[in-house]
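What follows is a set of notes on a single structure, which appears directly below.
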Amino acid sequence: EAQVTQNPRYLITVTGKKLTVTCSQNMNHEYMSWYRQDPGLGLRQIYYSMNVEVTDKGDVPEGYKVSRKEKRNFPLILESPSPNQTSLYFCASTSTGKAYEQYFGPGTRLTVT
Amino acid sequence: GIQVEQSPPDLILQEGANSTLRCNFSDSVNNLQWFHQNPWGQLINLFYIPSGTKQNGRLSATTVATERYSLLYISSSQTTDSGVYFCAVGNDYKLSFGAGTTVTVRA
């Protein structure tokens, strides 16, 4: 089954404690991205990756890092989380070719206290 | 960046009713998609529709790229249609999302 997986699905942590949210896709997509969703703001892109070892900032990259060492994986790293990073996070991968259809993971709800 | 406006922000429907959701955008795009976020938070791709008209069951969408808007039609609504509908527009891979339309379908 074609899918995007994220782990963990829920996480409560404390300010300053480094964390990683993993993302994996099995569709051989080259393009992957991370979004955060906050009430009333829709989804905002954090980082994206065009391919292995190619990443770039989205609209709200401050406080986040990413890496793309393998095509299927695109982890999101918060090296020193702060309460304003409490949000719902989505990983997505996008098909290539004629249509840029985007497929989302199930989401990770992060609370930073 | 591209500005995306969705209307209405909220919509309450009786089961069986039809509705139209609108998405206006501020610049030329070659990528436009509609997504449904169900009450459990899952985001589902409904349509990839940078231009033209598509139909999938009770849902259909039309994009008039030259006039910078897209419409999503829900016919014979069901309670399972409840959730938030997002329009996302952009070029190639980069998408900007609207704030969404929250649809509540009452039995």
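Answer yes or no as to whether residue B:11 is aliphatic (A, V, I, L, M) and over 23 Å from residue A:93 (Cα atoms).
So residue B:11 passes the test.
Can you find, within region A:28-44, the residue that is surrounded by the fewest Cβ atoms within 10 Å (Cβ to Cβ) among those that are within 7 Å of chain B (Cβ to nearest Cβ) and within 20 Å of residue A:77 (Cβ to Cβ)?
Checking each candidate, the answer is A:31.
Report, ordered by the first and then the second residue, all pairs with beta carbons closer than 8 Å, sequence separation of six or more or different chains, a first member in region A:99-113 that is more than 7 Å from every other protein chain (Cβ to nearest Cβ), and a second member that is outside any strand (DSSP E or B) and among the basic types (Lys, Arg).
Listed pairs, sorted by first residue: A:108/A:9; A:109/A:9.
With respect to residue B:42, is the statement that it is under 20 Å from residue A:94 (Cβ atoms), free of Cβ contacts under 8 Å to residues at least 12 places away in the same chain and not hydrophobic (A, V, I, L, M, F, W, C) true?
yes
I'm checking my understanding of the structure. Among residues of region A:57-67 that are assigned to a loop (DSSP other than H, G, I, E, B) and within 14 Å of chain B (Cβ to nearest Cβ), which one is surrounded by the most Cβ atoms within 10 Å (Cβ to Cβ)?
Out of the qualifying residues, it is A:58.
Residue B:60 passes all but one of (1) within 13 Å of another protein chain (Cβ to nearest Cβ); (2) touching a residue at least 12 places away in the same chain (Cβ under 8 Å); which number fails?
Condition (1) is where residue B:60 drops out.
For residue B:70, which of the numbered conditions (1) modelled with pLDDT of 95 or more; (2) within 14 Å of chain A (Cβ to nearest Cβ) fails to hold?
Status for residue B:70: all satisfied but (2).
Which of the residues spanning region A:9-27 are assigned to a loop (DSSP other than H, G, I, E, B), over 23 Å from residue B:88 (Cα atoms) and within 14 Å of chain B (Cβ to nearest Cβ)?
Answer for region A:9-27, where residues must be assigned to a loop (DSSP other than H, G, I, E, B), over 23 Å from residue B:88 (Cα atoms) and within 14 Å of chain B (Cβ to nearest Cβ): just A:9.
For residues that are in a loop (DSSP other than H, G, I, E, B) and more than 22 Å from residue A:17 (Cα to Cα), tally how many sit in region A:69-105.
Final tally of qualifying residues: 12.
The values are calculated or read from the model by the stated rules, or taken from the named source; none is laboratory data. Values in this document were obtained by computation on a predicted structure and should not be read as measured data. FYI the Cβ positions are ideal-geometry reconstructions off the backbone, even for glycines, and counts take in every protein chain you see.
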